[in-house]
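Trainee: Below: one structure in structure tokens.
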Amino acid sequence: MALDELKAALPEYAKDLKLNLGSVIGNSELPAQQLWGTVLACAIASRGERVLAELEPQAKAELSPEAYTAAKSAAAVMAMNNVYYRTLHLLSDKEYGTLRAGLRMNVIGNPGVPKVDFELWSLAVSAVNGCGQCLDSHEQVLRKAGVGRETVQAAIRIAAVLQAVSVTLEAEDRISGATEA
């Protein structure tokens, strides 16, 4: 199983990540589509080659073709939106926030899966990318749709753990590559 491969690849000093990986994915209470869409979108957003290589095949097997594409779409559109809206938030001149974005985001209106699932995946990617404005926006949509805080938290936990695993494995790959050279 891919999850076991990832856990085995983590160094001993990252034992907490091994345990957390097992709990946030292996013992998740999210429905399968929400879980694996979140995992795939966050694996893409984390930019971790090993994380994506290990988890993408299982996500593809667990998701319908429409959900698989929608999760990748959430990662793609939020990569753009998180930069744009995080920048607007960080700029001192708030007038930029009154300007029309002029960016295509059609997939948000018609993602091909239930809107709640796409919003959850978008929120999780926004957590990886650190966009407070997008986090607030997606969390509000989810809460208005009746999604509980525990579900939102579960997606954020997946985002946090996959990001940490990606960073740790990349660092270990670089360290081992540097010592071999």
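Trainee: May I ask you to order 95-103, 136-144 by the average number of other C-beta atoms within 10 Å around their residues, highest value first?
Mentor: So the peptides 95-103, 136-144, ranked by packing, come out 136-144, 95-103.
Trainee: For the chain, what is the calculated [θ] at 222 nm in deg cm²/dmol (nearest 500), taking -39500 (n - 2.57) for each run of four or more DSSP H residues and dividing by its residue count?
Mentor: Theoretical 222 nm ellipticity from helices: -24000 deg cm²/dmol.
Trainee: Relative contact order for the range 1-55: what percent, with Cα pairs under 8 Å and sequence separation of 6 or more?
Mentor: Computed value for the range 1-55: 42 percent relative contact order.
Trainee: Relative contact order, percent, of the range 104-176 when contacts are C-alpha pairs under 8 Å separated by at least 6 residues?
Mentor: 31 percent
Trainee: Another question, then. Report, please, the projected area of the range 108-181 averaged over directions, based on the convex hull of its C-alpha atoms, in nm².
Mentor: 6.1 nm²
Trainee: Compare 19, 169, 55 in a GNM of the chain, Cα atoms joined below 10 Å, and give the one with the largest fluctuation.
Mentor: It is 19.
Trainee: Let me ask another. For the chain, what's the relative contact order in percent, using C-alpha pairs closer than 8 Å and at least 6 residues apart?
Mentor: Normalised by residue count, the contact order of the chain is 31 percent.
Trainee: Next up: At a Förster radius of 45 Å, what calculated FRET efficiency corresponds to the Cβ-Cβ distance of residue 100 and residue 64, to the nearest 0.05?
Mentor: Efficiency computed from Cβ-Cβ geometry: 0.85.
Trainee: Using the Kyte-Doolittle scale, find the helices of the chain whose mean hydropathy is at least 0.0 and whose Cα atoms extend 27 Å or more along the helix's long axis, counting only whole DSSP H runs.
Mentor: For the chain, where a helix must reach 27 Å along its axis and average at least 0.0, the hits are 65-90, 149-180.
Trainee: Which length gain, in nm to one decimal place, applies between residue 87 and residue 4 when the Cα-Cα distance is subtracted from 0.36 nm times their residue separation?
Mentor: So the extension gain works out to 26.1 nm.
Trainee: A follow-up question, please. First compute the accessible area of the range 100-165 with a 1.4 Å probe, then give the percent of it belonging to carbon and sulfur atoms.
Mentor: Whole-percent figure for carbon plus sulfur exposure: 49.
The values are calculated or read from the model by the stated rules, or taken from the named source; none is laboratory data. None of the values given here were measured: they were computed from a predicted structure. All Cβ positions, glycine included, derive from the backbone under ideal geometry; neighbour counts span all protein chains shown. Just the protein is used for accessible areas: all its heavy atoms, side chains included, with ligands, DNA and RNA removed. Shrake-Rupley method; radii C 1.70, N 1.55, O 1.52, S 1.80 Å.
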